[in-house]
Protein chains: 2
Amino acid sequence: MPDKLDDVARLAGVSAATVSRALRGVRGVAEGTRARVLAAAAELGYAVSPAASSLATGRTGTVGVIVPYVDRWYFSRIISGVERVLREAGISLLLYNLGDDAGRARFFAEFPLRRRVDAVLVLSLPLSEAERAQLLSLGAPLVTVGTEEPGADSVGIDDHGAAVTAMRHLVQLGHREIGFIGETAPVPLGFTTPLRRLAAYREVYHAVCREDGRAPEAGFETGGGFTVSGGEQAMGTLLGLPRRPSAVFAASDEMAFGALRALRRAGLRVPHDVSVLGFDDHDLAGLLELSTVAQPVAELGEHAGRLLLARLSDGKILTSPAILRTRLVLRGSTAPPTTR
Amino acid sequence: MPDKLDDVARLAGVSAATVSRALRGVRGVAEGTRARVLAAAAELGYAVSPAASSLATGRTGTVGVIVPYVDRWYFSRIISGVERVLREAGISLLLYNLGDDAGRARFFAEFPLRRRVDAVLVLSLPLSEAERAQLLSLGAPLVTVGTEEPGADSVGIDDHGAAVTAMRHLVQLGHREIGFIGETAPVPLGFTTPLRRLAAYREVYHAVCREDGRAPEAGFETGGGFTVSGGEQAMGTLLGLPRRPSAVFAASDEMAFGALRALRRAGLRVPHDVSVLGFDDHDLAGLLELSTVAQPVAELGEHAGRLLLARLSDGKILTSPAILRTRLVLRGSTAPPTTR
DNA sequence: ATGAAAGCGCTAACAT
DNA sequence: ATGTTAGCGCTTTCAT
C-alpha cells in the first residue's frame, strides 16, 4: 500500500513534484528524467491515489450517469456506448439508477454526486426546475440524451419527425383507422418522449379523419407502459373497441411485441388482419418481423460520451442539440389493410 | 463551493472535529451539539468532500462492478439489482464494461480500480490467476456472481443441475435425438457457464444414446455465441444434419429465440416438428411461448449487493457460495416428439 | 464531550 | 528543468 509518490521520487532520484509532472505528462520535464520516473513507477507498481489527486486538483476523473432504468434495452445500450468512449479517455463512470419517482426523490435529496464527478450525463429524463438547478450547481458540464435542458449539451433524435414518418407509412399503405400504444398521462418519471410520439400520432391520424370527414376515435389512444405486457393489454383494449383499428403504431418495440402477442392470442394475423409498427429497432425486432423506426442507440451513447469529453477539456461551450438520424425499417408486420 | 467543514463548525459554534463526528453519527457527541451541527450543515447545504474524506480514511464509499457486457439482458438485470441495494446503503457504483478480450486486457493493464473502490464485484467472468491476484491485491473484498474464485464470496445458480433438469424434461417427453446450442470452445472472455451447460447436455444425451445402443451424434453440439443470430445459424446447422434432432436445448433464451426463427423460416412448427427449450427466462420468453429454465436474475444482483455490504462491514468472512433456485417454466415450445 | 494538531497523498505556485 | 513549500478538506489521535 505505501506506494507513495515519494518512494518513486527517491528511487528516481528526483523530487515529488517532478514525479507528479512526469506521470501526468505535463510539459517541462526532460525526456531522460521522465523515462527514469516512469521506470521507477513501473518498478514499484505505483499508481496515483485518485482521492489525493482529486483533493489537490478538484478533478475526479469520473462522470456520473443518471439513468431511469439500467435494465431496459434502450438505456443499457446507451450506457454501453458512453462507457466505451469514456474509458478510452481514462474516465470512470459512476452509475445511478433511478427506478421510480421514489428513487428519483431520494437521489436528489441525497445527491451523491456532489464533488464526486467532473460531469453529469442524464438519460431521457426531463428535469424539474429545481433538479436542473441542483445539477448545474455542481459547476460541472451537463449533457443529456433524449431531452433538452437549458445549460446542457444534448444528443437525441427527431422523435416527432420519426413518428410522423412512421404514421405516414401506415397511411400510405391505405390505413385510415390507426391505433396508438404509448403512454397516457401521467407518464412515469415525467418522460416526454412518449408524449412527442403521441403528438405525432395525433397529427397524422387526425388529418386522416378530417379528410374522411369524421371524428377521431378517442379510444384509439392507449397506454402500454413501455413494457411487453402493457403493450399486450393495450392491444387487448383496442381489439375490444366497436370500431377496430386496421393498424397500430406502438411507441416502443417492446409494446409492439406485446401487441403482436395479443393479436396472436386473439387469433388475428399480422399483417393480414392488423398491421403493427414499432419504434426503436430492438435487438429482437428482426426476430419477430416487426416493422419499426430504427434509432441509433449505441451511437447516441457514444456521441454523448464525446460531448462529455469535449466539455471536460474545452470548457463548456453550449452547442445546439445533436440530432442523429432515424430510419424506417420495413419488415413483415405492416401491409395494406384487407378490405372487409 | 467553499462549503467547508470549518464553516459549519463556526456556524454551530464548535470545532471541526466535532462537526466531523456529529455528521458521521459517531458516538461521543452530546445530543444537543449534534442537533446544532446538523442544523448548521443543513443551513449551509453542506456535504462532505468524498475525496478529502477518502484521503483521510482510506475508504471511498464506492464499489467497482466489472461486467462483460452491460447491454445484455442478463447483466443489466443484475446490475440493476446490485445498484438498488448498494444505493440504499449510500454506496456508489463504478461501472466497468469489458466488452471483449481487448477491453479486458486494457482494463487489467490500466487497472482503474486502484484506490478507487472499497470492494469489487465481478460478473460471470472466470479470472486468470494473475487477474485474481491483481484484484485481491486491492485488499478489498471481492464477490463474484456466476463463478467461484478462491478468496471471493459468490452467488450463483446450480448451472449443471438446472441444465440436467432441462434435458431430462426433454427425455421424459420422449425425445432421444436432442441437439445443443451453446458455445463451443474457445469461449469468448473464457466464460465457463456455457461449458457447464454443455456438460449437462452431454451427460443426459449420452446416457440416452447408451440406452439405445448407439453413438451420440457429434454434430448435435453447436455454437450460437449467446446471440439471437448465432442461435439462428446454429439451428440452421442442426437442420442440415442427415439425422435431425427432434428437440433442441439452447443454453440461453436469446439463442433459443434465434432457433425458433430458423425453424419458422424452414417451415417447421414448434413444438410439433421440433421442441425448443431455453435457459434464463428472458423478459420475452413468455411472448414467444418458450419453455425455459428460469433463474432469478434480479435476485442474484441483490444478493451480491448484500454480500458486498456484509463484507464491507464485518470484515471479510468467506462463506460457501450462495446458490439460488432455478425452476423449469413450461410453455408451448416443448412437447412429445411426433412419430414420423 | 470537545478541541488542537498532525497528517492522508497529491498538485500548484513560487523559486531557483 | 527541477525543487520547496503550501495547502486541498477531511479524520483521528491525543489532550483536556
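The values are calculated or read from the model by the stated rules, or taken from the named source; none is laboratory data. This one's a predicted model, so the numbers in the text were calculated from it and none came from an experiment. Counting neighbours? That spans all protein chains shown, and the Cβs are built from the backbone with ideal geometry, glycine included. We work out accessible area using only protein heavy atoms, side chains counted, and drop any ligands, DNA or RNA first. Shrake-Rupley method; radii C 1.70, N 1.55, O 1.52, S 1.80 Å.
Ligands, DNA and RNA excluded, the heavy atoms of B:Glu129 present near 120 Å² of accessible surface to a 1.4 Å solvent probe. In sequence order, region B:154-159 has phi-based couplings of 8, 10, x, 10, 8, 4 Hz under the Karplus curve 6.51 cos²θ - 1.76 cosθ + 1.60, θ = phi - 60°, and Gly or Pro positions carry x. Measuring only protein heavy atoms, the 1.4 Å probe finds A:Lys4 accessible over about 110 Å². Here the Karplus relation 6.51 cos²θ - 1.76 cosθ + 1.60, evaluated at θ = phi - 60°, turns the backbone of region B:29-46 into coupling constants of 10, 5, 3, x, 4, 4, 4, 4, 4, 4, 4, 4, 4, 4, 4, 8, x, 7 Hz, with x for every Gly and Pro. This model, with +1 at the C-beta of Lys and Arg and -1 at the C-beta of Asp and Glu, gives region A:39-193 a dipole about its Cα centre of some 220 debye. Along the charge dipole of region B:1-159, pointing to its positive end and built from +1/-1 on Cβ of Lys, Arg, Asp and Glu, which listed residue (B:Leu142, B:Val122, B:Leu23) has its Cα farthest out? The residue sitting most towards the positive pole is B:Leu23.
A Gaussian network model of chain A, with springs between Cα atoms under 10 Å, assigns the largest mean-square fluctuation among A:Thr237, A:Thr326, A:Thr57 to A:Thr57.
Toward the positive end of the charge dipole of region A:195-340, with +1 on the Cβ of Lys and Arg and -1 on the Cβ of Asp and Glu, the farthest Cα among A:Leu308, A:Leu260, A:Ala215 is that of A:Ala215.
Across identical copies of the chain, B:Ala30 has label-point separations of 6.2 nm, listed in ascending order, with the point defined 7 angstrom from Cα along Cα→Cβ. For the pair A:Arg24 and A:Arg244 in one chain, pulling the backbone fully straight at 0.36 nm per residue adds 72.5 nm over the alpha carbon distance. Rounded, prolate or oblate: which one fits the protein assembly as shown, using the alpha carbon gyration tensor with axes a ≥ b ≥ c (rounded when a/c is under 1.5, else prolate when a/b beats b/c, else oblate)? Cα axes put the protein assembly as shown in the oblate bin. For A:Gly332, inter-copy separations between label points set 7 Å beyond Cα along the Cβ vector come to 1.5 nm, shortest first. Put a plus charge on the Cβ of each Lys and Arg, a minus charge on the Cβ of each Asp and Glu, and nothing anywhere else: the dipole of chain B about its Cα centre is then about 300 debye.
Find the accessible area per residue for region B:159-294; the probe is 1.4 Å, ligands and nucleic acids are left out, and the unit is Å². Could the numbers behind the result be given before it?
Working: 4790 Å² over 136 residues.
Per-residue value: 35 Å².
Against chain A, whose longest principal axis is taken from its Cα atoms, helix A:297-313 shows a tilt of about 30°. Sequentially through region B:324-334, phi angles give Karplus couplings (6.51, -1.76, 1.60; θ = phi - 60°) of 8, 6, 10, 8, 7, 10, 8, 10, x, 9, 10 Hz, Gly and Pro residues having no value and appearing as x.
Using C-alpha pairs under 8 Å with a sequence gap of at least 6, the mean separation divided by the residue count of chain A gives a relative contact order of 17 percent. DSSP assigns beta bridges within chain A; of those with both partners inside it, close to 10 percent run antiparallel. Counts of other chain beta carbons within 10 angstrom of each beta carbon in peptide A:279-286 average 3.
Only protein heavy atoms count here; under a 1.4 Å probe, B:Ser80 has an accessible surface of about 10 Å².
Label-point spacing for A:Gly45 across the identical copies (point 7 Å from Cα in the Cβ direction), in nm and ascending order: 4.5.
Can you tell me the dipole magnitude for region B:6-57 around its Cα centre, using point charges on the Cβ only (Lys, Arg +1; Asp, Glu -1), in Debye to the nearest 20? Mind dumping the intermediate values first?
Values: 6 positive and 4 negative charges, 41 e Å.
Magnitude of the dipole: close to 200 debye.
Computed from the C-beta positions of B:Ala47 and A:Ala102 and an R0 of 22 Å, the FRET efficiency is 0.55 to the nearest 0.05.
Note on B:Glu289 and B:Ser320: the extension gain reaches 7.5 nm, defined as 0.36 nm multiplied by sequence separation minus the Cα-Cα distance. In this assembly, the B-A interface accounts for approximately 4500 Å² of buried accessible surface in total, computed with a 1.4 Å probe and without ligands, DNA or RNA. Measuring between their Cα centroids, region A:320-340 and region A:1-43 lie 58 Å from each other.
The mean number of Cβ atoms from other chains found within 10 Å of a Cβ in peptide B:96-103 is 3, as a whole number. The distance linking region A:182-250 with region B:117-148 is 48 Å (Cα centroid to Cα centroid, whole angstrom).
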